[in-house]
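**Q** Have a look at the structure that comes next, please.
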Amino acid sequence: MSGAPLNWPDGNDRVPYWVYTDQGNYERELEKIFYGPVWNYAGLECEIPNAGDFKGTQIGEQSVIVVRDDEGNINALVNRCAHRGVKLCEQDKGSFHEIICPYHQWAYDLKGNLLGVPFHRGVKGNGGMPEDFSMKENGLDILRVHVRNGGIFVTMSDEAPPFEAYMGERILGYYDRELDGRALRLLGHSRQRIGANWKLMLENIKDSHHASLLHVFFVTFGLFRVDNESRIEMDDTGLHTALSSIRGKQELNDGTAQMRSFDSDLELSDPNLLDVIPEFEGDQTVVMQTIWPNVILQQQSNTLATRQIVPKGPNAFELHWTFFGYETDDEKMTERRLRQANLMGPAGLVSIDDGQILERTQKGILAHPGKSGVVELGGRDTEDADHMVTEVALRAFYKGYRKVMGL
Amino acid sequence: MISSELRDEIADFINAYALAIDDGELERWPEFFANDCLYKIIAKENFESGLPLGLLLCDSQGMLQDRKEAFSKLNVFGPRSWRHMLGAVQASKSDDQIRARTSFVIFETLAGEDTHILCAGEYRDILIRENDKLKFRERLCVYDTTMIPNSIVRPI
Ligand SMILES: [Fe+2]
C-alpha cells in the first residue's frame, strides 16, 4: 500500500486502516518500537532453569538466544554469527556451554564473547587473521536484560528507561500480582500464526467490550462481561493497559439482555472446567495486561499465561503462548490450571473466536488504507474507566503510539 | 501379535473417527470414547519435554460433550472443509488394552482460499472394549506443526 498518503484523521476517536497494512510504516515500527527504547518480553526464567539452558525467541523480526550462563545470569544474544551471519542456533530450546557456528567454527561463550577462531594464527605460516584482529570486538551482539520475578525482558536500545519506570507504578502493581516472586512452574507452550497486523492483537485485549458480544462462552458463564464490575487502567503513555474484572452470575439483566449471544440455559456437562478457586488478593477473577510492545500477561480464573507477539510483516503475527503455575501448586491446582487452559490458546474455547475475527478484520481493511476505524464507545477521552463499556484503552493506545512513531 | 481381523477392526474404527469429523458429524464424536477417557491434543515440543499442557484437553465424557457444544454452537469461525489423511495403523495388544499409533495430516480448506496443512502428527491411542465395541480409552494427538495456522476449530 506504499504511496498512499499516511494521514492521521483528527481526534483520538479514529484509527486509519493504513496503520495495519502499510509496509513502510511497519518497517518504521520495527526500528522505533521493537528495536527502540522499549522492554521486549523474551520469556520466563522457568523456561531455562539450569546453567547452559537456552531458548530461542524473536524480538521484532530478529532471532535472539536467551541463555543462562554458568554464574546463573541470563543473557540475550542476537542469533547471528559475527563471522558470516549464520543463524547460530536453530533449536527453540536446549542446553549448551558454548556456542559454535557450524560453518567455520567460530566459538562463543554464553555471554557472547568470541572464544576462538580456527586457523587464527595460520597454518604452516600461511594465512591466519591479521595481527590486529580483535577478538573483543567480534563477539555476538548483546542485548540488555532485565529480570523481574521470573519474567525476562530485553532491550536493543541504550535509551530504554529503567524497567520499573517503563512499566509505571500501577501496571507494575498488576504485574507483581501475578508474577509475585514465587518460583514459576512451566506447564507448556502453544504457538499460532494469525493473518492480521500485530497491533490488532493488543487491541483485542484492550477492547474490553468485544468479549461480551463475540464470546458466547465468556458471556454465558459470566467470565468476562460488560455488566461485571471492572476497571481499565493505563500507564502515563497509554501504551500499557491493565483490564481487571470480577466474574458475574449467569443471570438475565440489562447488560445480558442486550447480548444476542447470551444463553441463560446453557450448562456445562462437566462443571470441573470452571471449578475456579480464588488465589490472589482482591476479588478480581480476570486481569489481562498488555505490556508494550509485545506481551500479554494474563490471569483468567486459574489459568495463567503470557502471549508473546511476534510481528511477521504488516499482515501477520505469531502468538507464542506460555502457560505456567507456581512451584508451590499441589497436583490438584496444576490439574485445574491445565483444564482451564482449554479457554485459551489456538484451540481455546474463547480465543478461537479472537484468532478468527482478527484475520477477518485484516481481510476487511486490507484494500482500504484511506478509511478509518471508529473508537468512540465511552466518549472521546483517554482517561481510566471503572467499567468496560468503552473503547478508551484503544484511544489512549493510539495517542501513545502516535507519539512513539512521530505521527 | 494381533489377528488380522482385529487389525482391520482397529483401522476401521480409527478411520471412522476421522470421517465422522470430516463429515461434520460432531454429534458422534464423544461416542468414540470410553466412559472413562482422556482426549488431548498436545504439541510435540511439550510431549517430548514432559510438559503437560494440552492444546485441548478433555478428561471426561462431560468435557467431550461441552467441547462438542462449543465447536458446533458457541465458537465463531468461517466455513471450511477438513480432510484427515491417515497413515497405516501400527497396533499391539496386551491384556485388555490395545495400543495403536497412526500418522495424520489434516488439510484445511477455507471458503475461497487455497488448501493448507492445518497440522501433521501422530495419534497415540489406547483402545478398550465397552459393550463389545472398540472405544478410545485414551487418544493423544501429538502434533509436529510448530505454528498452527490460526486456530483448530474442531476436534482432530
Ligand atoms: Fe476476545
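**Q** With r defined as the distance between the Cβ atoms of B:GLU31 and A:PHE280 and R0 fixed at 30 Å, what FRET efficiency is calculated, to the nearest 0.05?
**A** Step by step, r from the Cβ atoms, then E = 0.15.
**Q** Would you mind getting me the FRET efficiency between B:ASN131 and A:SER63? Use the beta-carbon distance for r and R0 = 56 Å, nearest 0.05.
**A** 0.55
**Q** What FRET efficiency, computed as 1/(1 + (r/R0)^6) with R0 = 22 Å and r the Cβ-Cβ distance, is obtained for A:ASP10 and A:LEU377, rounded to the nearest 0.05?
**A** 0.75
**Q** Then there is this: Could you work out [θ]222 nm for chain B from helices alone, using -39500 (n - 2.57) per DSSP H run of at least four and dividing by all its residues? Round to the nearest 500 deg cm²/dmol.
**A** That comes out to -6500 deg cm²/dmol.
**Q** Could you tell me whether the protein assembly as shown comes out rounded, prolate or oblate from its Cα gyration tensor? Rule is a ≥ b ≥ c as square roots of the eigenvalues, rounded for a/c under 1.5, then prolate if a/b exceeds b/c, otherwise oblate.
**A** Since a/c reaches 1.5 but b/c is at least a/b, the shape of the protein assembly as shown is classed as oblate.
**Q** Shifting gears a bit: For region A:89-98, take each phi angle, set θ = phi - 60°, evaluate the Karplus expression 6.51 cos²θ - 1.76 cosθ + 1.60, and give the result in whole Hz per residue in order, putting x for glycine and proline.
**A** 10, 9, 7, 7, 7, x, 8, 8, 10, 8
**Q** Quick one: how many Å² of B:VAL105 are accessible to a 1.4 Å probe, rounded to 10?
**A** We get 40 Å² for B:VAL105.
**Q** Can I ask one more? How about A:LYS136: which lysines have a C-alpha closer than 18 Å to its C-alpha, ignoring those fewer than 8 places off in the same chain?
**A** Of all the lysines, those that pass the test against A:LYS136 - Cα under 18 Å, at least 8 places apart if same chain - are A:LYS111.
**Q** Something else now. Once label points are set 7 Å from the Cα along Cα→Cβ at both B:ARG83 and A:LYS249, what is their separation, rounded to one decimal in nm?
**A** The modelled label-to-label distance comes out at 5.2 nm.
**Q** So if I take the centroid of the Cα atoms in region A:25-85 and the same for region A:104-152, what is the distance between those two points in Å?
**A** Cα centres, region A:25-85 to region A:104-152: 17 Å.
**Q** Moving on to the next point. Under the rule of at least 5 residues apart or a separate chain, name every residue whose amide H is placed under 5 Å from the amide H of A:ALA316.
**A** Residues meeting the amide H criterion: A:ALA196, A:TRP198.
**Q** For A:LEU304, what residues show an amide H to amide H distance below 5 Å, using hydrogens built from the backbone and excluding near sequence neighbours?
**A** A:PHE324
**Q** Another question, then. My understanding is that a pair violates if its Cα-Cα distance is over 23 Å; which of A:LYS55/B:LYS44; A:LYS87/B:LYS40; B:LYS40/B:LYS73 do that in this structure?
**A** Violating the 23 Å Cα-Cα cut-off are A:LYS87/B:LYS40.
**Q** Hey, another quick one. Whole-Hz Karplus ³J(HN,Hα) for region A:401-407, in order, using 6.51 cos²θ - 1.76 cosθ + 1.60 and θ = phi - 60°, x for Gly and Pro?
**A** Listing the rounded values in order: 4, 4, 5, 4, 8, x, 9 Hz.
**Q** While we're looking at this one, here's another question. What's the average, rounded to a whole number, of partner chain beta-carbon atoms within 10 Å of each residue's beta-carbon in A:191-202?
**A** For peptide A:191-202, the averaged partner shielding equals 2.
**Q** So which residues of region B:50-81 lose at least 30 Å² of accessible area, probe 1.4 Å, when you go from the chain by itself to every protein chain present?
**A** B:LEU51, B:PRO52, B:LEU53, B:LEU55, B:LEU57, B:ASP59, B:MET63, B:ASP66, B:ARG67, B:LEU74, B:ASN75, B:VAL76
**Q** Same structure, new question: Can you run phi through the Karplus equation (6.51, -1.76, 1.60; θ = phi - 60°) for region B:31-41 and list ³J(HN,Hα) in whole Hz, with x for Gly and Pro?
**A** Result, ordered by residue: 5, 6, 10, 6, 4, 9, 9, 9, 10, 8, 9 Hz.
**Q** Need one word for region B:4-143: rounded, prolate or oblate. Basis is the Cα gyration tensor (sqrt eigenvalues a ≥ b ≥ c); a/c below 1.5 gives rounded, then a/b vs b/c decides.
**A** Taking the square roots of the gyration eigenvalues as a ≥ b ≥ c, region B:4-143 is rounded.
**Q** Hey, got the Cα dimensions of region A:168-405 along the principal axes, in Å, largest first?
**A** 53, 41, 32
**Q** What net charge do the residues around B:MET63 carry, taking every other residue with its C-beta under 10 Å from that of B:MET63, with Lys and Arg at +1 and Asp and Glu at -1?
**A** In short, 0.
**Q** In nanometres, what is the gap between the two model label sites at A:HIS120 and A:MET333, each 7 Å from Cα along Cα-to-Cβ?
**A** Inter-label distance under the simple model: 4.9 nm.
**Q** What Cys residues in chain A are without a partner cysteine, judged by a Cβ distance under 4.7 Å?
**A** When partners are defined as cysteine Cβ atoms under 4.7 Å apart, chain A leaves A:CYS46, A:CYS89 without one.
**Q** Measure nothing fancy, just the Cα-based angle from helix A:351-365's long axis to the longest principal axis of chain A, in degrees from 0 to 90, nearest 10.
**A** 80
**Q** Modelling each spin label as a point 7 Å along the Cα-to-Cβ direction, I'd like the A:SER157/B:ASN15 distance in nm, to one decimal.
**A** Inter-label distance under the simple model: 6.0 nm.
**Q** Still on this model: Taking H placed 1.01 Å from N in the peptide plane, check which residues at least 5 places from A:VAL226 or on another chain put their amide H under 5 Å from its amide H.
**A** Excluding prolines and chain starts, which carry no amide H, the hits are A:SER212.
The values are calculated or read from the model by the stated rules, or taken from the named source; none is laboratory data. In this text the structure is predicted, and so the values were computed from the model without any measurement. Heads up, the Cβs are rebuilt from the backbone with ideal geometry, glycines too, and the neighbour counts pull from every protein chain shown. What goes into the accessible areas is simple: the full protein's heavy atoms, side chains included, and nothing from ligands, DNA or RNA. Shrake-Rupley method; radii C 1.70, N 1.55, O 1.52, S 1.80 Å.
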